[in-house]
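Here the structure is laid out as structure tokens; the discussion comes afterwards.
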Amino acid sequence: MELYGPIVVLFAIALAFAIISVVGARLAGPRRFNRAKNEAYECGIEPTPTGPGGGKFPIKFYLTAMLFIVFDIEIIFLYPWAVAFDSLGLFGFVEMVLFIATVFIAYTYVWRRGGLDWD
């Protein structure tokens, strides 16, 4: 049980820090509310009044999130490959070149289609 002591202490410190931060911000923070602070904020788009069915939301935000996930996963695969590069040999190098080429083709497709333009 003594091996888990430092982990328990770390969790206790983290929990205490979180609770103290939330309570301290609540007590020390200003309470000046106005119309702008009470409005909904969605990714920099000015909120507009919508009907009872909701309304259309630009799909570009979801596409950008999906692209971020794809390229983030690419980095996750590149890091272990870079660490074990010496032991993989030519086979590992060819496989990674094919992987990077596949992701690059997808990237150029999205770029050509205008998926990275915010205008």
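The values are calculated or read from the model by the stated rules, or taken from the named source; none is laboratory data. Predicted, not measured: the structure shown is a model, and the values here were computed from it. For neighbour counting, all protein chains shown are included, and Cβ atoms are generated from backbone atoms with ideal geometry for every residue, glycine included.
Listing for the model above:
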{"item": "Some residue of the range 67-84 being at pLDDT below 85, exposed (fewer than 10 other Cβ atoms within 10 Å of the Cβ) and not in a loop (DSSP other than H, G, I, E, B)", "result": "yes"}
{"item": "Enumeration of residues in the range 1-32 that are modelled with pLDDT of 80 or more and either within 23 Å of residue 61 (Cα to Cα) or assigned to a loop (DSSP other than H, G, I, E, B) (or both)", "result": "2, 3, 4, 29, 30, 31, 32"}
{"item": "The lone exception for residue 117 - which of (1) acidic (Asp, Glu); (2) part of a helix (DSSP H, G or I); (3) in contact with a helix residue (DSSP H, G or I) (Cβ under 9 Å, 6 or more places away or on another chain) it fails", "result": "(2)"}
